[in-house]
Amino acid sequence: NDSSNDIIQVTSSSDYGANWNTPIDLSDIGQNATTPCFANGSTEKNVYAAWVRSNGTNDIVQFSSSLNFAQNWISPQDLSATGQNASNPHMITNFIGDHVYSIWTRSNGINNIIQFSRSSDFGQTFSNPVDLSDVGQSAATPQIATNINENCVCAIWTRSNGTNDIIQFKHSPDYGANWNSTLDLSETGENARNPRIITNGSSIYAIWARQESGNYRAQFRKSTDSGDTFSDVIDLSPSGFDVKNSRIVTSNDAKYIYVSWYTFDGMFTDVHVVISNDSGDVFSGAHGLNKYGENCQDTDITTDNIGKNTYVVWTRSNGYYDIVQIGKSSDYGATWTPYGMDLSLTDESAKNPRVATNQSGKEVYVSWARSDGTKDVIQEVHSTDYGVTFSVPKVVSN
């Protein structure tokens, strides 16, 4: 916040998190901006950002890019059309970073529709938005994924069928130029929410949470034929527990699949993870990662290229404040640290942690928002020894 409006900012480090550059404003001043998302190519030279910003009348999805390691950014450009509100942007890029795909929700004046736009020139220009979800009912929470060769583009979202919210899927085999018919992934009869999707090419992996007897249960389906057909639904979480914030990551070959969430057992919320070591044919039972007895939330997960080193972060109450914690496995999910390690300091509350690792899993980076007693600041810690030790939290926002 610049004391008048909320501004999207970015900062970067070129020495493994030891030092951070002065934050750069990406969104223009004068109106509020929210919900930023970022993507980058494999070399991290090409970095892309999307967010929502008001133009004084409507909320518009905007985009900016840097082609020199986040040092300089182009002026924001509108991706969604003016005249109606847009929200929930999500964005990805391919291995090189030349193809950029963006998805969001936009009102057509009656319902919220999922829209898509693409760039094939490093984000310099974008195609006109196309509707992915059908008109007549509202859709929400879109997510998008692509493979290393970038030709396969997959989209997933939640859409009402007039009675319940259903998870839907759409696939493009040609860089987002054309899209196949929409498929329902979740069963009708109950509401579903929080879809996520990953692809490594012809294989596609999707998760969501679907209501069952008043609670939401994590579910999974996969396709091995580029989305033409999907496996039967697999229940990932135990019945009788309410799942929130489910996330999925895989090794590059998708042999190892990890899904995390936090769940309410009637007394407390706890962090769980399940693992498949056979590309999603069978999943383990849920592993609890936190010490029982206080509430946890805000989970995030990452793994290395081969799926050996996997890290999960969350916030957990210490009875007074919410503390960012991390749990890890260094043996393909066979065993996990018994309790979370505290990353944020314990005298103020932290929230919204995010975790990332490099190809080998040796370097681990965690960021979050935390109160300094007056305002919320962005903090970061990093590890260079596979998450055994972490640096002291550092404020990276101005």
Just one of Lys362, Lys308, Lys351 is surrounded by fewer than 16 Cβ atoms within 10 Å (Cβ to Cβ) and not in a strand (DSSP E or B); which is it?
Lys362
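Of all residues in the range 192-221, which are within 23 Å of the chain's Cα centre (by Cα) and surrounded by fewer than 17 Cβ atoms within 10 Å (Cβ to Cβ)? Reasoning before the result, please.
To start, the set of residues in the range 192-221 that are within 23 Å of the chain's Cα centre (by Cα) comprises 192-211, 215-221.
Hits for the range 192-221 are Gly201, Ser202.
Restricting to the range 10-40, what's the tally of residues that are part of a loop (DSSP other than H, G, I, E, B) and over 27 Å from Asp385 (Cβ atoms)?
Matching residues across the range 10-40 total 9.
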So if I check each of Trp314, Trp336, which one is part of a strand (DSSP E or B) and modelled with pLDDT of 95 or more?
Trp314
Number of the exception - Ser117 against (1) over 26 Å from Asn1 (Cβ atoms); (2) touching a strand residue (DSSP E or B) at 6+ places or on another chain (Cβ under 8 Å); (3) in a loop (DSSP other than H, G, I, E, B):
(3)
Checking Asp134 against (1) in contact with a Ser or Thr (Cβ under 8 Å, 6 or more places away or on another chain); (2) assigned to a loop (DSSP other than H, G, I, E, B); (3) free of Cβ contacts under 8 Å to residues at least 40 places away in the same chain, only one condition comes out false. Which one?
(3)
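Anything in the range 173-188 that is part of a loop (DSSP other than H, G, I, E, B) and surrounded by 13 or more Cβ atoms within 10 Å (Cβ to Cβ)? List them, or say none. Spell out the reasoning first.
To start, the set of residues in the range 173-188 that are part of a loop (DSSP other than H, G, I, E, B) comprises 173-182, 185-188.
Residues satisfying the conditions are Pro173, Tyr175, Gly176, Ala177, Trp179, Asn180, Thr182, Leu185, Ser186, Glu187.
Are any residues in the range 137-172 outside any strand (DSSP E or B) and either β-branched (Val, Ile, Thr) or under 22 Å from the mean Cα position of the chain (by Cα) (or both), and if so, which ones? Spell out the reasoning first.
So the first thing to find is which residues in the range 137-172 are outside any strand (DSSP E or B), and the list is 137-138, 147-152, 161-164.
Listed by number, the residues that qualify are Ser138, Asn147, Ile148, Asn149, Glu150, Asn151, Cys152, Thr163.
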Does the range 156-171 contain any residue that is under 24 Å from Asp225 (Cβ atoms) and out of contact with any Phe, Trp or Tyr (no Cβ under 9 Å at 6 or more places or on another chain)?
yes
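Let me confirm something: among Gly123, Gly109, which residue is surrounded by fewer than 18 Cβ atoms within 10 Å (Cβ to Cβ) and either without any contact (Cβ under 8 Å) to a residue 40 or more places away in the chain or part of a loop (DSSP other than H, G, I, E, B) (or both)? Working first, answer last.
On the way: Gly123 fails: surrounded by fewer than 18 Cβ atoms within 10 Å (Cβ to Cβ).
After ruling out the rest, the residue left standing is Gly109.
The values are calculated or read from the model by the stated rules, or taken from the named source; none is laboratory data. Nothing here was measured: the structure is a model prediction, and the numbers come from that model. Quick reminder, even Gly has a Cβ in these numbers, built from the backbone with ideal geometry, and neighbours come from all protein chains shown.
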